[in-house]
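Structure first, then comments.
Every number in this text was worked out from the coordinates using simple rules, so none of it is lab data. Remember, it's a predicted structure, so these values are computed and weren't measured experimentally. Cβ: placed from backbone, ideal geometry, glycine included. Neighbour counts: every protein chain shown.
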Amino acid sequence: MLTNSSKYAIKAVLFLAVHSNEDNKLMVKDIFDRINVPQQYLAKILQELAKRDVISSSRGPKGGFYLNDTNKKLPLISIVDVIEGRHRLQSCMLSIKECDSENPCALHDLVGSANSHFLKNLEETTIEDLIASIEKGKAILPL
């Protein structure tokens, strides 16, 4: 349901949320290998997320990427919106332009409600919610 770009972005944001703060910023070179994302690709993703205020960044000798308290309160859909747009999650699985509830494709009824549920979860789950799961040991994240 998510593109690799969105998966990489969510993984990177969660890594930053757990391992960084305003006093401990991380550079792309500190992250890419640990989360198994190509370095240049990760750099583009993080720059775009920072430009759209999903994550924070600062330049200079002690610069890098991090999450502040405001960033952590954002819903996961904000990450997906930046990377691929919400419309991608609502589009036809078979890429049929005319597909909708009145003109359903062969897979429409099979994935329609699952897609709606997934989208709702992305809208209602915050970065902070996932951090709590990781910190409680209910979910894992690369160290």
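Based solely on its DSSP helices, what 222 nm [θ] is calculated for the chain when runs of n ≥ 4 H residues each add -39,500 (n - 2.57) and the sum is averaged over all residues, nearest 500 deg cm²/dmol?
Details: 8 runs with 79 residues, N = 143.
For the chain, the value works out to -16000 deg cm²/dmol.
Using only Cα positions of segment 30-77, each an equal point scatterer, no hydration layer, compute I(q)/I(0) via Debye at q = 0.19, 0.20, 0.23, 0.26 Å⁻¹ and quote the log10 values to two decimals.
Values returned for q = 0.19, 0.20, 0.23, 0.26 Å⁻¹ are -0.68, -0.75, -0.95, -1.10.
Equivalent-ellipsoid semi-axes (√(5λ), Cα gyration tensor) for the chain, whole Å, largest first?
Equivalent ellipsoid semi-axes, largest first: 31, 16, 13 Å.
Sorting Arg86, Arg59 on the 10 Å Cβ count, fewest up front, what's the list?
Ordered by Cβ neighbours within 10 Å, fewest first: Arg59, Arg86.
Taking the Cα atoms only, what angle lies between the long axis of helix 108-124 and the longest principal axis of the chain, rounded to 10 degrees?
30
On the principal axes of its Cα set, how long, how wide and how thick is segment 74-125? Give whole Å, largest value first.
34, 18, 14
Of Ser20, Ser57, Ser95, which is the most mobile in a GNM of the chain whose springs link Cα atoms less than 10 angstrom apart?
Ser95
Where the centre of each part is set by its Cα atoms, how far does segment 76-110 sit from segment 1-49, in angstrom?
So the separation of the two Cα centres works out to 25 Å.
Just want to confirm a number: the relative contact order over the chain, from Cα pairs under 8 angstrom separated by 6+ residues, in percent.
Dividing the mean separation by the residue count of the chain yields 28 percent.
If you line up the long axis of helix 39-51 against the longest principal axis of the chain, both from Cα atoms, how many degrees apart are they, to the nearest 10?
It is inclined by approximately 90 degrees.
What is the angle, in °, between the Cα long axis of helix 4-19 and the longest principal axis of the Cα atoms in the chain? Nearest 10 is fine, range 0 to 90.
Rounded to the nearest ten degrees, it is 40.
Give the order of Ile31, Ile134, Ile77 when sorted by the count of other beta carbons within 10 angstrom, beginning with the fewest.
Numbers: Ile31 23, Ile134 15, Ile77 18.
Neighbour counts put them in this order, fewest first: Ile134, Ile77, Ile31.
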